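Rule-based calculations on the coordinates, nothing more; no lab input. Everything quoted here is computed from the prediction, not taken from an experiment. Ideal geometry is used to build each Cβ from the backbone, glycine not excepted, and the neighbour counts take in all protein chains shown.
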């Protein structure tokens, strides 16, 4: 089981690297597809004034940026969950493990942004590293909430079986 979790973690890191290796045009097209799906699901207004068209264009640009930032956060949320599971498989939990998990995720985020600086059409932004860190925190919290919920359930079941 340990090897599978570590392989999943490495696979996810490779997936993040692959996504970061896409040039700016491909990356933009991917997020634009999501924006178009969202926009197509809305009801279309037939007659739009010039101001409405301009406002819609600004909304689409904002939505595109929002999708990109959420994608960053999601990728690192999953990474934090997988890294946490790797530590858990070696019985490394608690405060020390949290520091190491966040360090691994943050270090990978920094190296990922450094890598993006060399990809045509991509930029390296500190704000993306911050979003990645927040995504890592969310993933870590999700993992620990689920872990302790399961852990408490096991303790309750052990206590109830001892009373019988």
Which translational diffusion coefficient, to the nearest whole µm²/s, is obtained for the range 54-164 from the Stokes-Einstein equation, given a Kirkwood hydrodynamic radius over C-alpha pairs, 25 °C and 0.890 mPa s?
152 µm²/s
Which length gain, in nm to one decimal place, applies between residue 90 and residue 158 when the Cα-Cα distance is subtracted from 0.36 nm times their residue separation?
22.2 nm
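Quick one: compute a quarter of the convex hull surface over the Cα atoms of the range 100-164 and quote it in nm².
Projected over every direction and averaged, the Cα hull of the range 100-164 covers 5.3 nm².
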Per 0.36 nm of contour for each residue apart, how much would the distance between residue 66 and residue 18 grow if the chain were fully extended, relative to their Cα-Cα spacing?
15.2 nm
For the pair residue 107 and residue 59, the simple spin-label estimate (label points 7 Å beyond Cα toward Cβ) gives in nm 4.5 nm
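Subtract the Cα-Cα distance of residue 99 and residue 125 from 0.36 nm times their separation in residues, and report this length gain in nm to one decimal.
Between residue 99 and residue 125, full extension yields an extra 7.0 nm.
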Taking the Cα of residue 138, stepping 7 Å toward and past its beta carbon, and measuring to each backbone N in the range 59-74: which are under 13 Å?
66-74
